[in-house]
Amino acid sequence: SWPNRKGIQGSICVIGISNTINLPENILLPKVQSRLGSLRIIFQSYNTEQIRKILESKLNSDPSLKRLFHDDAIKLAARKTAVSKGDIRRAFQLCKTAIEIV
């Protein structure tokens, strides 16, 4: 009802970030969806090399962490993550779990 209130002028921009393509359909009523313009920007998943570089960058920022991971372990985590959706959070979780186990 806020667009119909007296005294309100201007516009609003809604930005939604999701791992699913159908976020608006899942959370907005059809009445609200019809009032919104929609522009979807779809980002590609990270590939193995990108994931490896991100992991190495993070690990290099803390020398105590870097010494815990062999280069082959970083490559394995990158490969495993790339084939399962390429979500960098998964790579970070793999590394965190590895540290906890050791």
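In the chain, the longest principal axis of the Cα atoms and the axis of helix 71-83 are about 30 degrees apart. With q set to 0.14 Å⁻¹, the log10 of I(q)/I(0) for the chain, from the Debye formula over equal scatterers at the Cα positions, is -0.68.
Between N60 and Q9, the contour length at 0.36 nm per residue exceeds the Cα-Cα span by 13.4 nm. Mind checking the angle between helix 88-101 and the chain's longest principal axis? C-alpha axes, 0 to 90 degrees, to the nearest 10. For helix 88-101, the angle is close to 40 degrees. Reachable lysines from K31, Cα under 26 Å, same-chain residues fewer than 8 places away excluded? Once the sequence-local lysines are set aside, what remains near K31 is K6.
Rounded to the nearest 10 degrees, the inclination of helix 48-60 to the longest alpha-carbon principal axis of the chain is 70 degrees.
Accessible area per residue for the chain, computed on protein heavy atoms with a 1.4 Å probe, is 85 Å².
The values are calculated or read from the model by the stated rules, or taken from the named source; none is laboratory data. This one's a predicted model, so the numbers in the text were calculated from it and none came from an experiment. When the accessible area is computed, the model is the full protein with side chains, heavy atoms only, and any ligands, DNA or RNA have been set aside. Shrake-Rupley method; radii C 1.70, N 1.55, O 1.52, S 1.80 Å.
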